[in-house]
Amino acid sequence: MSTALLMFVGFVGVTLVITYWASRRSSGANAFFAAGRQITAWQNGFAVAGDYMSAASFLGIAGMIAFQGYDGFMYSVGFLVAYLTVLLIVAEPLRNAGKYTMADVLAYRMKARPVRAMAALSTLTVSTFYMIAQMVGAGALVALLLKSSGISYEAAVIGVGILMIVYVVFGGMLATTWVQIIKAILLMGGTILLSIIVLGHFGFSLSAFFDAISHVTYHVTKDSVKTEVIQNFLQPGLRYKPPYGALDLISLGMALLLGTAGLPHILVRFYTVPDAKTARYSVVWAMVLIGTFYIMTTLLGFGAATIVGRDFITDNGGTNMSAPLLAQALGGNFFFAFISAIAFATILAVVAGLTISASTSFAHDFWTNVIHHGTERKPGEEVLVARVTAFVVGAIAITLAILLGSKANVAFLVGLAFAVAASANLPVIVLSLFWKRFNTAGAVCGLATGLAASLALILVSPSLMTIDPPTVTGAARHLFQHKPLFPLENPGIVSIPLGFLGAIMGALLSREPAAEAKFAELTVRANTGLGAEKASLH
Amino acid sequence: MTPDPNRKSPSDLTPSVGAATDIAPLGRTQPRPAHELTAAEEAQVTDWNKVAAMEEFRALLKAKLRFIAPATAFFAIYYFALPVLVGYAPELMGKKIFGAVNLAYLFALSQFVMAWVIAALYVRAAGRFDKMAEAILAKLKFK
């Protein structure tokens, strides 16, 4: 058994013990959906960070910086600054006025059924896309990392899928939270260690480090001619090139800044703490962790570019392997196994968070509130439905990930999740909290416009619509072989204004005195915490 | 012991609910404390419009707006200045400041500091908002 596999098994063992402990402790809806609202500020901060920093960040961003230098760092900046939107605008009102899901706040003043149905659709869309991206990545990664143990892509996908189902079905939010906390501790520890070793490699001299980055050497093969390239990796523009690069950067920035505060799996985390004040401090904890982590992504990415080199990474698994290969170059096989196990923990924690937020939304918003008009027919029904949903969601994610295969181009799905969250969810959250005149028609219209606009624009963007050269075959080929109709990779710059416009137009074209009358109630609740859900394990 | 007014005749010994002879009254006679009310029950006991119209509450909203609006405007402008400058003025941003470190990298790093500073300022201001909200709840006898 290889060291990497041993560490994987160790992590899985610990998380299963936690799941068993959580399943013994928790009963009832508050416990299952919101961990009894008894998570403390630092715990929730770590859990938010663990929920948020996906494999796409750890492996993807490090890889992007290793291959495209400075432009990859733009993601890192956006991922942190986005938490100011969460902190200043969304977290506290959400905790004060809601119960289990994002839709609790959206539907507060409105007619519950249409708004919750749309919000559940949007939540399931965001969560499913995000999850498929993680599962395909996880399968490819685990298969690659455990190559020596003979574990296939399919086996890895099924393993990850079953684990996330077990965490959520048996342990609910409490187990999910602790899996995320442990993952965040491991990820921070591993990244700090790796960063220190990178700096040590340059004799702890920042100027030597940056000097090396300013002339990175690698080879490009074009028309079977191999040419050497020497590039300054601190210079912007290696990824985002004219004519549309600048617009794409701004569009990406908008999707990150507004999308984070609309990601359902992040928002539900604020229901797990006792009150709005704790929610606030947990965002601050998360910001310290997330900021520190993303600053270090430059050390990992630039470290991989200079110490390992692009050529070697390309030959040994591609961009996503930059961080693990850096660990191998600096610390040998043991460190490689350690960093690989962290990447594995990272994926598991994120997919568990996605599964529970999708199941909660289906059970609470769709089953109880849309189908059964807001009442459980028998006690415990909502939790039971959520458990069944978690199982179904997991099965769908496993099936889709296997059908798509390890070579599928899925990176755009993460971008799509952020775009939908920013274009559909955020406008409606903000307007329902701050605009008295907002109403049911506006909320439904805003969610529908944002969702449709982001999906449509992604379909015709270069991520899915590009003419591939004949050398590209199989799943790596783009879905539509056509010149892209929309030139940007990220639809945010168009779809976010459309989402706001749809919401505002819908509201202005209809009148709903009941929704306006309840504005005072929502404002008082959101700002004073009067009548907010209390902590309890029942 | 005072005679029970509900008793029809002195010979009727059936104890009535709430009579002094009962060990404990059924249910709760006092209104439940605020922390035990569900949102649905409270909807009827709190006059939300009255709270919303309270001078203290309006002052709280104003104080929040006075911090959050400028802070949001500032971080949005500061943040979008980065992609705009990097996208449209790459030569300027490529200017080397310390050794190989250029303006683009320093500006990106400064975004992290900016986010942390605004978060710290907000937490300080929010302590003040908490006190204002507590005073309102105290006045409403919820605390």
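The values are calculated or read from the model by the stated rules, or taken from the named source; none is laboratory data. Computed from a predicted structure; not experimentally measured. Quick reminder, even Gly has a Cβ in these numbers, built from the backbone with ideal geometry, and neighbours come from all protein chains shown.
Considering each of A:Ser432, A:Ser406 in turn, give the residue that is of a type outside the set (Val, Ile, Thr) and not in a helix (DSSP H, G or I).
Checking each option against the conditions leaves just A:Ser406.
Of all residues in the stretch B:125-142, count the ones that are among the small types (Gly, Ala, Ser), in contact (Cβ under 8 Å) with a residue 60 or more places away in the chain and within 9 Å of chain A (Cβ to nearest Cβ).
Adding up the residues that qualify gives 1.
With respect to A:Phe302, is the statement that it is under 25 Å from A:Gly139 (Cα atoms), buried (at least 21 other Cβ atoms within 10 Å of the Cβ) and within 14 Å of chain B (Cβ to nearest Cβ) true?
no
Does A:Lys226 satisfy being more than 23 Å from A:Gly172 (Cα to Cα) and touching a strand residue (DSSP E or B) at 6+ places or on another chain (Cβ under 9 Å)?
Judged against the criteria, A:Lys226 is a match.
Answer yes or no: is there a residue in the stretch A:502-510 that is among the polar types (S, T, N, Q), in contact (Cβ under 8 Å) with a residue 12 or more places away in the chain and either surrounded by 15 or more Cβ atoms within 10 Å (Cβ to Cβ) or in contact with a Lys or Arg (Cβ under 9 Å, 6 or more places away or on another chain) (or both).
No.
Hey, can you tell me all the residues within the stretch A:445-497 that are surrounded by fewer than 17 Cβ atoms within 10 Å (Cβ to Cβ) and under 22 Å from A:Ala120 (Cβ atoms)?
A:Ala456
Taking only pairs six or more apart or across chains, which ones have beta-carbon atoms under 9 Å, a first residue in the stretch A:240-255 that is free of Cβ contacts under 8 Å to residues at least 12 places away in the same chain, and a second residue that is among the charged types (D, E, K, R)?
Taking only residues 6 or more apart or on different chains, the pairs are A:Gly245/A:Asp71; A:Gly245/A:Arg239.
For the stretch A:242-330, please list each of the helices (runs of 4 or more DSSP H) lying entirely inside it that holds at least 1 residues being touching a helix residue (DSSP H, G or I) at 6+ places or on another chain (Cβ under 9 Å) and among the aromatic types (Phe, Trp, Tyr).
Qualifying helices (runs of 4 or more DSSP H): A:276-303, A:310-315.
Every residue, every condition in (1) within 27 Å of A:Val168 (Cβ to Cβ); (2) under 19 Å from the mean Cα position of the chain (by Cα), yes or no:
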| position | (1), (2) |
| --- | --- |
| A:Pro243 | no, no |
| A:Ala246 | no, no |
| A:Gly259 | yes, yes |
| A:Val284 | no, yes |
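Looking at A:Ile181, is it more than 24 Å from A:Gly45 (Cα to Cα), assigned to a helix (DSSP H, G or I) and in contact (Cβ under 8 Å) with a residue 40 or more places away in the chain?
In short, no.
Only residues that are in a strand (DSSP E or B) and facing another protein chain (nearest Cβ under 10 Å): list them for the stretch B:90-124, please.
B:Lys96, B:Phe98, B:Val101, B:Asn102
Can you spot a residue in the stretch A:265-286 that is within 11 Å of chain B (Cβ to nearest Cβ), among the aromatic types (Phe, Trp, Tyr) and in contact (Cβ under 8 Å) with a residue 60 or more places away in the chain?
The answer is yes, given that some residue of the stretch A:265-286 is within 11 Å of chain B (Cβ to nearest Cβ), among the aromatic types (Phe, Trp, Tyr) and in contact (Cβ under 8 Å) with a residue 60 or more places away in the chain.
Just one of the numbered conditions (1) assigned to a loop (DSSP other than H, G, I, E, B); (2) in contact with a helix residue (DSSP H, G or I) (Cβ under 7 Å, 6 or more places away or on another chain) is not true of A:Val472; which one?
(2)
Say whether the condition of being in contact (Cβ under 8 Å) with a residue 12 or more places away in the chain, within 30 Å of B:Pro70 (Cβ to Cβ), surrounded by fewer than 24 Cβ atoms within 10 Å (Cβ to Cβ) and not basic (Lys, Arg) is met by at least one residue in the stretch A:113-135.
Scanning the stretch A:113-135, I find no residue that is in contact (Cβ under 8 Å) with a residue 12 or more places away in the chain, within 30 Å of B:Pro70 (Cβ to Cβ), surrounded by fewer than 24 Cβ atoms within 10 Å (Cβ to Cβ) and not basic (Lys, Arg), so the answer is no.
Looking only at residues that are within 34 Å of the chain's Cα centre (by Cα) and among the hydrophobic types (A, V, I, L, M, F, W, C) in the stretch A:212-228, which one is surrounded by the most Cβ atoms within 10 Å (Cβ to Cβ)?
Step by step, filter the stretch A:212-228, then rank; the result is A:Ile213.
Condition first: over 17 Å from the mean Cα position of the chain (by Cα) and either under 23 Å from A:Ala35 (Cβ atoms) or hydroxyl-bearing (Ser, Thr, Tyr) (or both). Now tell me which residues in the stretch A:58-89 satisfy that.
A:Tyr70, A:Leu87
Return the only residue of A:Leu413, A:Leu403 being closer than 20 Å to A:Val126 by Cα, touching a residue at least 40 places away in the same chain (Cβ under 8 Å) and either out of contact with any Lys or Arg (no Cβ under 8 Å at 6 or more places or on another chain) or polar (S, T, N, Q) (or both).
Criteria check complete, one pass: A:Leu413.
Quick check on my filter: what residues within the stretch B:108-124 are buried (at least 17 other Cβ atoms within 10 Å of the Cβ) and either more than 30 Å from the chain's Cα centre (by Cα) or among the aliphatic types (A, V, I, L, M) (or both)?
Answer for the stretch B:108-124, where residues must be buried (at least 17 other Cβ atoms within 10 Å of the Cβ) and either more than 30 Å from the chain's Cα centre (by Cα) or among the aliphatic types (A, V, I, L, M) (or both): B:Ala108, B:Met114, B:Ala115, B:Ile118, B:Ala119.
Can you tell me which of (1) more than 9 Å from chain B (Cβ to nearest Cβ); (2) in contact with a helix residue (DSSP H, G or I) (Cβ under 7 Å, 6 or more places away or on another chain); (3) crowded, with 17+ Cβ neighbours inside 10 Å is the one A:Leu199 doesn't meet?
(3)
How many of the residues making up the stretch B:31-86 are modelled with pLDDT of 95 or more, under 27 Å from A:Leu247 (Cβ atoms) and more than 8 Å from every other protein chain (Cβ to nearest Cβ)?
Total satisfying the criteria: 5.
Being more than 21 Å from A:Pro324 (Cα to Cα) and in contact with a helix residue (DSSP H, G or I) (Cβ under 9 Å, 6 or more places away or on another chain) narrows it down to one of A:Met188, A:Met135, A:Met131, so name that one.
One residue alone meets the criteria, A:Met131.
With the condition kept exactly as written, say whether any residue in the stretch A:528-537 is more than 10 Å from every other protein chain (Cβ to nearest Cβ), more than 32 Å from the chain's Cα centre (by Cα), of a type outside the set (Lys, Arg) and surrounded by fewer than 18 Cβ atoms within 10 Å (Cβ to Cβ).
No, the stretch A:528-537 contains no residue that is more than 10 Å from every other protein chain (Cβ to nearest Cβ), more than 32 Å from the chain's Cα centre (by Cα), of a type outside the set (Lys, Arg) and surrounded by fewer than 18 Cβ atoms within 10 Å (Cβ to Cβ).
Quick check: is even one residue across the stretch A:306-322 under 24 Å from the mean Cα position of the chain (by Cα) and among the β-branched types (Val, Ile, Thr)?
The answer is yes; a qualifying residue exists.
I need the full set of residues from the stretch A:197-241 which are part of a strand (DSSP E or B), under 24 Å from B:Lys96 (Cα atoms) and in contact with an Asp or Glu (Cβ under 9 Å, 6 or more places away or on another chain), in order please.
Correct list: A:Thr217, A:Tyr218.
Kindly evaluate A:Phe480 against the criterion of being at pLDDT 95 or above, among the aromatic types (Phe, Trp, Tyr) and more than 22 Å from the chain's Cα centre (by Cα).
For A:Phe480, the condition - at pLDDT 95 or above, among the aromatic types (Phe, Trp, Tyr) and more than 22 Å from the chain's Cα centre (by Cα) - is not met.
Those residues that are over 20 Å from A:Leu84 (Cα atoms), more than 8 Å from chain B (Cβ to nearest Cβ) and among the hydroxyl-bearing types (Ser, Thr, Tyr), I need them from the stretch A:213-264; list them, please.
Passing the criteria: A:Thr217, A:Tyr218, A:Thr221, A:Ser224, A:Thr227, A:Tyr244.
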